[in-house]
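Chemist: One structure, pasted below without further comment.
Readers should treat all values here as calculations from the given coordinates under stated rules, not as data from a laboratory. Source: prediction; values computed, not measured. Virtual Cβ from ideal backbone geometry, glycine too; neighbours counted across all protein chains shown.
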Amino acid sequence: MKSALFLRIASVLTVVHAVLHTIGGVFGSIQPGPATVAVTAMKANQFMAMGHLRSYWDFFRGMGLAMTIAMMMEAIVMWQLGALAKTEAARLRPITATFLVGYLVLSVNSNRYFFSGPVIVEIVIALCLAAAIGTAKAPVRAVRPAIA
């Protein structure tokens, strides 16, 4: 497969990851029991933060949505890189490597603080990015004949 295809696959997986994160994490239902108690406490305790009345629930929800926005931006950039990779794949290796390292670190974070679902998706995205780097070839340049 070509580098462009792996970047496009990583892009689509990132969109899926963002959508599932938003549905399940940001707007997911809160389970009865200890989770409900924690969320109630997060919502009930408000405080001033830089001139605005906020709660920890506001920060939790806001950071969850910020993560969704960031993943969607990443997906768009990966899609655009996929288009560029058709002619400039080798030159995109450093950018792709940045995403690769980021997704590997994100998978460690998800493993530590969340659960296996995001970890699996993040590792598959990282594998696609590694494959994009591995299949990136420098463009073939036409050789001009020597003028005698």
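Chemist: Residue 56 is checked against (1) surrounded by fewer than 16 Cβ atoms within 10 Å (Cβ to Cβ); (2) free of Cβ contacts under 8 Å to residues at least 40 places away in the same chain and fails just one. What number does that condition carry?
Modeler: (1)
Chemist: Also, I was wondering about something else. Given the criterion under 28 Å from residue 106 (Cβ atoms) and either assigned to a loop (DSSP other than H, G, I, E, B) or not β-branched (Val, Ile, Thr) (or both), identify the matching residue among 23, 30. Walk me through it before giving the result.
Modeler: Numbers: 23 fails: either assigned to a loop (DSSP other than H, G, I, E, B) or not β-branched (Val, Ile, Thr) (or both).
Every option except 30 fails the conditions.
Chemist: Return the total of residues in region 110-129 being in contact with a Ser or Thr (Cβ under 7 Å, 6 or more places away or on another chain) and surrounded by 19 or more Cβ atoms within 10 Å (Cβ to Cβ).
Modeler: Of the residues in that region, 5 qualify.
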